[in-house]
Amino acid sequence: MLLLVGLGNPGPGHAGNRHNIGFMAADAIVRRHGFKPPREKFQAHLSEGRLGDERVLVLKPMTWMNRSGAAVGEAMRFYKLTPADIVVFHDELDLPPGKIRMKRGGGSAGHNGLRSLDAHIGPDYRRCRIGIGHPGERELVMHWVLQDFAKSDRVWLEPLLEAIAEASPLLAEGRDSAFASKVHLILEPPAPKAAPAAPTEN
């Protein structure tokens, strides 16, 4: 079993925030793969479905970002999972908008959701870091992450979320690097090879 966790803050006032891109990724997977409607469990919204042959749960903690680990810890213990069975989607200031990186383990880098997860389940879970860019100054970070994406961001945000959803079955296979590569290829397919030039007559 795989547990996919989207990080964000509950409520309509936060739905479009940069900090909620983890929720957005989770929702895109649920829609794309026809998961069951969410139910309330573990202080979270929980959807169930399949990616390929694997049973998959999608969890969106409703505890506020800085207490996300409480919900994830409850689910992990209930289903007797290990951190290796958990993939967390979260916003990443240190990546350009629209870029993703997969990582297993590591620090929280000041991210309150990751700090809470580390406290409840340890740091060895899998992470899908989704770039939202950096505002440039440290004192602007809080406003930046709690601000809605601009309309102009849709040009990269919507294709990115669809690419994550399309490639997500690779996460169920444990192929995190292949997942990241597929997302990249969906968004930036290789340019078609130029046709060879016709021979010239002398």
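Couple of notes before you dig in:
- Criterion applied to 181, 168 was being modelled with pLDDT of 95 or more, among the polar types (S, T, N, Q) and over 21 Å from residue 23 (Cβ atoms), and the one residue passing it is 181.
- Residue within segment 44-53 that is under 16 Å from residue 7 (Cα atoms) and not small (Gly, Ala, Ser) present: yes
- Residues (without any contact (Cβ under 8 Å) to a residue 60 or more places away in the chain and either among the hydrophobic types (A, V, I, L, M, F, W, C) or within 20 Å of residue 58 (Cα to Cα) (or both)) located in segment 93-104: 93, 95, 103
- Tally of residues being charged (D, E, K, R) and in contact (Cβ under 8 Å) with a residue 60 or more places away in the chain across segment 127-162: 2
- Exclusive hit being part of a loop (DSSP other than H, G, I, E, B), under 26 Å from residue 154 (Cβ atoms) and under 16 Å from the mean Cα position of the chain (by Cα), set 8, 34, 22: 8
- Residue tally, condition small (Gly, Ala, Ser) and over 27 Å from residue 167 (Cβ atoms), over segment 49-72: 1
- Residue in segment 146-165 that is touching a Leu at 6+ places or on another chain (Cβ under 7 Å), among the aromatic types (Phe, Trp, Tyr) and modelled with pLDDT of 95 or more present: yes
- Scanning segment 155-185 for residues that are of a type in the set (Gly, Ala, Ser) and either part of a helix (DSSP H, G or I) or in contact with an Asp or Glu (Cβ under 6 Å, 6 or more places away or on another chain) (or both) turns up 163, 165, 167, 172, 177, 178, 180, 181.
For every residue, the table says whether it meets (1) closer than 20 Å to residue 35 by Cβ; (2) among the hydroxyl-bearing types (Ser, Thr, Tyr).
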residue	(1), (2)
116	no, yes
121	no, no
133	no, no
141	no, no
145	no, no
151	no, no
163	yes, no
166	yes, no
172	yes, no
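The values are calculated or read from the model by the stated rules, or taken from the named source; none is laboratory data. All figures in this text were calculated on a predicted structure; none of them were measured in a lab. Positions of Cβ are backbone-derived with ideal geometry, glycine not excepted, and every protein chain shown enters the neighbour counts.
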